[in-house]
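One structure is given here, and the rest of the page talks about it.
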Amino acid sequence: MSVLDALKGVLKIALIHDGLARGLREASKALDRRQAHMCVLNESCEEEAYKKLVVALCGEHKIPLIKVPDGKQLGEWAGLCQIDREGNARKVVNCSCVVVKDWGEESQERSILLNYFQTEQ
């Protein structure tokens, strides 16, 4: 299982347990209050000040940061879409930043991500 697959599972579980902060306002509040367990940033975000703020807050509070290449995919993983009858995501909104405040429950995906953070440092 890759890190991105594990990230998708962790975001899904955190969304169910109401443990996600989506968008700059919610994410910066959670990062500044040190409520965040990890942060996910979209690499293709055009606003440089946005990226600098999120990276600086993560660095200051020693919160792990993962960068993903596609904002639409991050928006789908974070639940910023509508699901049709067949179970396909529709009207997916681009997302630049997601913060996990509550892991939800113990899972294999979570342990993969934690191991990834340990080896990254």
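Quick note: the coordinates plus some simple rules give every number you see, no bench work behind them. Please read all numbers here as calculations on a predicted model, not as lab measurements. Here the Cβ is made from the backbone with ideal geometry for all residues, glycine too, and neighbour counts use every protein chain on show.
Exactly one residue among 6, 36, 27 is on the phi < 0 side of the Ramachandran plot, touching a Lys or Arg at 6+ places or on another chain (Cβ under 7 Å) and among the small types (Gly, Ala, Ser), and that residue is 36.
Counting the residues of the stretch 5-43 that are surrounded by 14 or more Cβ atoms within 10 Å (Cβ to Cβ) and either more than 15 Å from residue 101 (Cβ to Cβ) or in contact with a helix residue (DSSP H, G or I) (Cβ under 9 Å, 6 or more places away or on another chain) (or both) gives 25. Failed condition for residue 44, given (1) small (Gly, Ala, Ser); (2) touching a residue at least 60 places away in the same chain (Cβ under 8 Å); (3) assigned to a loop (DSSP other than H, G, I, E, B), with all others met? (2) is the only condition that residue 44 fails.
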